[in-house]
Each structure stands twice: as structure tokens, then as C-alpha cells.
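I have placed the structure first, in the form of C-alpha cells, so that the comments after it can refer back to it.
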Amino acid sequence: MDINQKELLNHLEQVERKAGEILTDRQDIVALDMRRNDDRVGLRALQKQKHDKTWLTVGPILMKMTSKNAEELLLKDQNQCDIEINKLRSELKVKVNELRDLEMTPPVPGLMLKPLSHSEMSAMNQVLGL
């Protein structure tokens with residue numbers, strides 16, 4: 001192979017690697033969202049029951065614990081899922097822009113926008129007279 005073919009092959013490998021990372025991150029986000037939803041369902045079931053103790057599955061282990069402890073455990077897991085999802089989503093935006101750079105296409109317009117903070121929104125409302 002000559003130099004141009006090697007460079008092209010190297011470039012295509014970089015593009016495929018970055019695209020694979022993006023797809024993996026998206027699958028991770030979906031899996032974490034499903035776990036977060038399962039936590040929400042479990043919390044709701046715990047709130048409806050009237051027993052002091054409950055059975056809880058933690059991975060392959062079945063444990064009996066107080067409903068209050070189980071509820072705290074589910075809330076912590078739900079918060080951890082939220083943190084991981086937000087982290088993956090912010091990293092995903094950067095990776096998409098890197099992929100677009102490798103493909104030599106312009107970045108997605110509006111991808112890196114952030115919502116206004118509470119203080120910025122109140123300042124806008126004052127300017128608009130709301």
C-alpha cells in the first residue's frame with residue numbers, strides 16, 4: 001500500500017472507532033434509563049405496601065431489609081443513574097462534534113446550547129416586563 005491508502009485507512013479507522021464509542025454511549029444511556037425507571041417502579045411499590053420489611057433483589061442476591069432502608073437504597077441508585085446519564089450525555093455531545101470533525105462536516109447547530117439559569121431567566125423576564 002502506498003502512503004495515501006494508509007492515511008485513508010487510518011482515517012476510516014478513527015471515524016469507525018469514534019462512531020462505535022458514540023453508539024456504545026447511547027446504549028449505556030438507554031440501559032441506565034431503564035434501571036432508573038425500574039428504581040422508580042420499585043419505589044412506588046414500596047410506598048404502596050404496608051409491611052415493615054421487604055425483599056429486595058441486589059444483583060443475584062435476594063435480601064430482606066426494612067422498607068425504609070430499601071427505599072433509601074433505591075433513591076441512591078436512582079440519583080447515581082441520573083448523574084451517570086447526565087455525564088454520558090455531556091460527553092456524547094463532544095464525541096458527536098469530534099466525529100463530525102473527522103467526517104469534515106460542520107458541527108450540529110445548537111448541540112452545545114445550555115439552558116438559562118434561574119438568575120438569567122429572571123433578568124430576561126425583567127427586561128421583557130413579565
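Just the residues that are of a type in the set (Asp, Glu) and either part of a loop (DSSP other than H, G, I, E, B) or open to solvent by less than 60 Å² (accessible area, probe 1.4 Å) (or both), please, taken from the range 80-108.
Residues satisfying the conditions are ASP82, GLU103.
Can you tell me which residues in the range 1-59 are within 30 Å of ALA70 (Cβ to Cβ), open to solvent by 80 Å² or more (accessible area, probe 1.4 Å) and part of a helix (DSSP H, G or I)?
Once the filter is applied, which keeps residues that are within 30 Å of ALA70 (Cβ to Cβ), open to solvent by 80 Å² or more (accessible area, probe 1.4 Å) and part of a helix (DSSP H, G or I), the range 1-59 yields GLN27, VAL30, MET34, ARG35, ASP38, ARG40, VAL41, ARG44, GLN47, LYS48.
Among all residue pairs at least 6 apart or on different chains, which show Cβ distances below 7 Å where the first residue, located in the range 1-25, is at pLDDT 90 or above and the second is of a type outside the set (Val, Ile, Thr) and outside any helix (DSSP H, G or I)?
VAL15/GLU103
Among the residues of the range 109-127, write down those that are modelled with pLDDT of 90 or more and either open to solvent by 90 Å² or more (accessible area, probe 1.4 Å) or assigned to a helix (DSSP H, G or I) (or both).
HIS118, SER119, GLU120, MET121, SER122, ALA123, MET124, ASN125, GLN126, VAL127
The values are calculated or read from the model by the stated rules, or taken from the named source; none is laboratory data. All figures in this text were calculated on a predicted structure; none of them were measured in a lab. As a convention, Cβ positions derive from the backbone with ideal geometry for all residues, glycine included, and neighbour counts pool all protein chains shown. Note: areas computed on protein heavy atoms with side chains; ligands, DNA, RNA excluded. Shrake-Rupley method; radii C 1.70, N 1.55, O 1.52, S 1.80 Å.
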